[in-house]
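S.K.: Just dropping this structure here.
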Amino acid sequence: MTQATERFDGSFTQQEPIPEDGIAAALEVMRHGRLHRYNLAPGEAGEAARLEQEFATFTGARYCLAVASGGQALAIALRAAGVGQGDTVLANAFTLAPVPGAIAAVGATAHLVETTEALTIDLDDLAQQAAAAPAARVLLLSHMRGHICDMDRLVALCAELGLTVVEDCAHTMGAAWNGTPSGRHGMFGCYSTQTYKHINSGEGGLIVSDDASAMARAVLLSGSYMLYERHLAAPPTDAFDGLRLATPNMSARMDNLRAAILRPQLARLADRRAAWNARYVVVEDGLRGTPGVQLIERAESETIVGSSIQFLLPDWCAADVRDVLARCAARGVDLKWFGADAPAGFTSRYDHWRYAAPRSLPRTDRILTGLIDMRLPLTFSLEDCALIARIIRSEVLAVTQARAGR
Ligand SMILES: *Cc1c(COP(=O)(O)O)cnc(C)c1O
């Protein structure tokens, strides 16, 4: 078989199965029937409460709360951070739709910030936009596709600008900056346990914080009723005293069944990170040096979880990008593109979110027009990853050569 005819037959959306001990724990919950997190037998801790305790330990946070989704985690964190109707929230333009969605859910308006070639928030533009939106008190910082900006500079800048930071760590659970876990640089870190993230319960979310009163608000908002003493990683009871009657119940709890399947996955997350990163490096090495392809160089300070990989076809025309995508798709390699005119599947762009009042972002436009994204499920072998990189490389070369001949 010649290289040009190689084909990849795997599925870009096939996750690993739930580990057997997770399945056993889920069966246990179904057998006793106490699925609601506050439905506990005498002396029982409950899977949701134990997950929170374990995730607090994993991130080094004082407090943790499990909720119904990553999007709910963001909305609850924003509200607990004091964002309400009519407020403005700064956010990076390169992110997923649930981020502007969470801002809209609390009645606020997103004020979007430009994107760098490292796919992170543009900190110079952040300073300018904070000046342009002086009423904004919160930055919702999305580590989109796992790319972490210079967090030392970000934290210093936000302190100077008086901005409270809420981190969206949907793609950075298990990642770190200079050894500090992602999600530990601001008031709240928010995570998703949806199927395509780093631990999988179908839907679900986690919130961490060291701030007792902010976390007490989050627990009440999540729908704890007056049962917050049944948590194991919530603030002490007195933190709830002034809040318990003033904080609405938004009913976004996690149940024991999902928590039961997440706990064994959390215990394996460090191993999974190593497995993802091995795959990431194989694809990255396979693409390195391909003419027309710009890899996203990762900072020395970043500990990544390479569950997906991105690269740029900088300043390519849309027709040529579409050609690469079609040729790769014909050989079984499923690439996503952030430059498409209309949203497709999970992929959309800031100017598609009409509810987010987008302004013109020329630097972000330039990045997204050339941005290609690919998932790396752990069901791929290292050989699969090498094959995928060979296919992309050969199709990029074919399109580049056709272009040169025009
Ligand atoms: C998935 C995701 C979310 C939201 O998570 P859900 O659990 O699907 O609500 C938020 N931000 C980013 C960047 C995501 O990819």
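S.K.: Taking the chain as a Gaussian network, where each spring joins two C-alpha atoms under 10 Å apart, which residue of 95, 172, 247 fluctuates the most?
M.R.: Looking only at 95, 172, 247, the biggest GNM fluctuation is shown by 247.
S.K.: Right, another one. What is the set of long-range amide H partners of residue 89 at a cut-off below 5 Å, with H atoms built 1.01 Å from backbone N?
M.R.: 109, 110, 111
S.K.: Something else now. With +1 assigned to the C-beta of every Lys and Arg and -1 to the C-beta of every Asp and Glu, and no other charges, what is the dipole magnitude of the stretch 194-282 about the Cα centre in debye, to the nearest 20?
M.R.: Once rounded to the nearest 20, the dipole reads 500 debye.
S.K.: Pull up all non-local amide H partners of residue 223: gap of 5 or more, or a different chain, and H-to-H distance under 5 Å with H placed in the peptide plane.
M.R.: Those qualifying (amide H under 5 Å, at least 5 residues apart or on another chain) are 250, 251, 252.
S.K.: I would also like to ask the following. Work out how much length residue 14 to residue 274 would gain on full extension: take 0.36 nm times their residue separation and subtract the Cα-Cα distance, in nm to one decimal.
M.R.: Between residue 14 and residue 274, full extension yields 91.7 nm more.
S.K.: Pulled fully out, how much extra length does the chain show between residue 386 and residue 133, if you take 0.36 nm times their separation in residues and subtract their Cα-Cα distance?
M.R.: The span from residue 386 to residue 133 would gain 86.4 nm if fully extended.
S.K.: Another one. Treat the chain as a sphere of radius equal to its Kirkwood radius over Cα pairs and apply Stokes-Einstein at 37 °C in a medium of 0.692 mPa s; give the translational diffusion coefficient in µm²/s, rounded to a whole number.
M.R.: Calculated translational D: 149 µm²/s.
S.K.: Of the beta bridges DSSP finds with both residues in the chain, what % are antiparallel, to the nearest 5?
M.R.: 60 percent
S.K.: Can you tell which of 299, 56, 344 shows the greatest fluctuation in a Gaussian network model of the chain with Cα springs below 10 Å?
M.R.: 344
S.K.: Place the peptides 161-168, 225-232, 68-75, 143-150 in order of packing, highest mean first, counting for every residue the other Cβ atoms within 10 Å and averaging per peptide.
M.R.: 68-75, 143-150, 161-168, 225-232
S.K.: Shifting gears a bit: For the stretch 71-105 and the stretch 206-257, compute the distance between their C-alpha centroids and round to whole Å.
M.R.: A separation of 19 Å, based on Cα centres.
S.K.: Using unit Cβ charges (K, R positive; D, E negative) and no other charged atoms, how large, in debye to the nearest 20, is the dipole of the chain about its Cα centre?
M.R.: My answer is approximately 660 debye.
Since every read-out is calculated from the coordinates, none of them should be taken as a lab result. None of these values were measured; they are calculated from a predicted model. Note that each Cβ is placed from the backbone with ideal geometry, even for glycine, and that neighbours are counted across all protein chains shown.
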